[in-house]
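**Student:** Here's a structure for you.
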Amino acid sequence: MKARSTKTSKEIKYITKACKITDFTFKQALKELKKNKFKTEKELALFLEKTIRKQNANLAFRAIVASAKNSAEVHHKPSGKLKKGFLMIDLGAKYKNYCCDMTRTIYLGTPTKTEEALYNKVLETQKIAIKKLKKNSNLSEIETFARKKLGKYAFKHKLGHGVGKRLHEAPNFNKDKVQNNQIFAIEPAIYIPKKFGIRIEDIVLFDKRPILLTKSPKKLIKI
């Protein structure tokens, strides 16, 4: 695991391509959502997976699509109907055996002011956490910051994880420090049981500074 903490230029190239495929797939899904094409979580998940495969890539994992109260589950298995409220979409392509892992949370309908404020709080937390990535900074301290900022409904999983040939690999957010040529997912979230969840996840390359490899829009999308 430790040997994969930093990436070669070829590995960075492959992961960057996996991220581009993932971004494209999400963009296509948004177009179809706006046409009201999908009725269930499973229909949307199958579309995501099919679109990834059409681009000469494999799945890094089975897509997670979680609507309304289902979004409060960290790893919900697509099953129910798409309902008004937050819609969490967690997807990732695998290109040349290298993974991407991205999550976007959009809204079906019109959010309340409270819902939109909570979404913006998660987004702001992610943006600040990414800015805090500096060489030799402690990943555990950045995670502690994110948890405190989000309060009692903060994520129970890790703030992030290394990404490469495996979806979860070094660096470790419990003990490691930031180094050049590391690639990791940053995924702050809040989960309010039986109501909804909001997770925003991006793949970040650290090369003297943090560089976003996933580029899908993060301002709250309302459909």
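Values in this text are rule-based calculations from the coordinates and carry no lab data. These numbers come from a predicted model, not from an experiment. Because the Cβ atoms are built from the backbone with ideal geometry, glycine has one as well, and the counts that use them run over all protein chains shown.
**Student:** Which whole-Hz couplings ³J(HN,Hα) result when phi for each residue of the range 86-103 is put into the Karplus expression 6.51 cos²θ - 1.76 cosθ + 1.60, θ = phi - 60°, listed in order with x for Gly and Pro?
**Tutor:** The phi angles translate into 5, 10, 8, 10, 10, 9, x, 8, 10, 10, 6, 6, 10, 9, 10, 8, 10, 10 Hz.
**Student:** Count the net charge of all other residues whose Cβ sits under 10 Å from the Cβ of LEU213, scoring Lys and Arg as +1 and Asp and Glu as -1. Provide the component values of the computation, followed by the final result.
**Tutor:** Numbers: positive: LYS17, LYS20, LYS215; negative: ASP23, ASP202.
It works out to a net charge of +1.
**Student:** Using a/c under 1.5 as the rounded threshold, could you call the range 135-176 rounded, prolate or oblate? The axes a ≥ b ≥ c are square roots of the C-alpha gyration tensor eigenvalues, and prolate needs a/b larger than b/c, oblate otherwise.
**Tutor:** oblate
**Student:** Alpha carbon centre of the range 159-223 versus the range 26-70: separation in Å?
**Tutor:** 20 Å
**Student:** While we're on this one: Report the label-to-label distance for HIS75 and SER9 in nanometres (one decimal), using points 7 Å from each Cα along the Cα→Cβ vector.
**Tutor:** Each label point lies 7 Å from its Cα, and together they span 3.7 nm.
**Student:** Kindly identify the range 9-62 as rounded, prolate or oblate by the Cα gyration tensor criterion: order the square roots of the eigenvalues as a ≥ b ≥ c, call it rounded if a/c is under 1.5, otherwise compare a/b with b/c, prolate if a/b is larger, else oblate. Walk me through the numbers before you get to the answer.
**Tutor:** Numbers: a/c = 3.29, a/b = 2.16, b/c = 1.52.
Here the range 9-62 falls in the prolate category.
**Student:** Here is a further query. Would you mind checking the pairs LYS17/LYS50; LYS94/LYS132; LYS31/LYS94; LYS69/LYS94; LYS152/LYS215 and listing those with alpha carbons more than 24 angstrom apart?
**Tutor:** Correct reply: LYS94/LYS132; LYS69/LYS94; LYS152/LYS215.
**Student:** Given q = 0.09, 0.10, 0.12 Å⁻¹, what are the Debye log10 I(q)/I(0) values for the chain, with equal point scatterers placed on the Cα positions and solvent ignored?
**Tutor:** -0.33, -0.41, -0.59
**Student:** Pairs of Cα atoms under 8 Å, at least six residues apart: use those to get the relative contact order of the range 2-212, whole percent.
**Tutor:** Details: 457 pairs, mean separation 49.3, N = 211.
23 percent.
**Student:** Could I have the simple spin-label model distance between ASN136 and LEU30, label points 7 Å from Cα toward Cβ, reported in nm to one decimal?
**Tutor:** So the two model labels end up 4.0 nm from each other.
**Student:** Further, regarding this structure: Hey, with R₀ at 25 Å, roughly what FRET efficiency would LYS175 and ILE211 work out to, going by the Cβ-Cβ distance, to 0.05?
**Tutor:** Working: r = 24 Å, r/R0 = 0.94.
Between LYS175 and ILE211 the formula returns 0.60.
**Student:** Now for a separate question. Restricting to the range 80-223, what percent of DSSP beta bridges are antiparallel, rounded to 5?
**Tutor:** Details: 28 of 29 bridges.
Beta bridges within the range 80-223, antiparallel portion: roughly 95 percent.
**Student:** In nm, to one decimal, how far is the LEU167 label point from the LYS121 one, both placed 7 Å along Cα→Cβ?
**Tutor:** Result: 2.8 nm between the two label points.
**Student:** Using modelled amide H (1.01 Å from N, peptide plane; none on Pro or chain starts), what sits under 5 Å from the amide H of LEU59, excluding residues fewer than 5 places away?
**Tutor:** Amide H neighbours of LEU59: LYS94.
**Student:** Quick check for me: using +1 on Lys/Arg Cβ and -1 on Asp/Glu Cβ, what's the dipole size of the range 2-212 about its Cα centre, in debye to the nearest 20? Write down the numbers at each step before the final one.
**Tutor:** Values: 48 positive and 20 negative charges, 35 e Å.
Charge dipole of the range 2-212: 160 debye, to the nearest 20.
**Student:** Would you kindly state how much longer the chain becomes between LYS148 and PHE61 on full extension, computed as 0.36 nm times their sequence separation minus their alpha carbon distance, in nm to one decimal? Provide the component values of the computation, followed by the final result.
**Tutor:** Details: separation 87, 0.36 × 87 = 31.32 nm, distance 2.97 nm.
Working it through step by step, the gained length comes to 28.3 nm.
**Student:** Could you give the size of the charge dipole of the range 150-223 about its Cα centre, using +1 on the Cβ of each K and R and -1 on the Cβ of each D and E, expressed in debye and rounded to the nearest 20?
**Tutor:** Numbers: 16 positive and 6 negative charges, 69 e Å.
Its charge dipole is roughly 320 debye.
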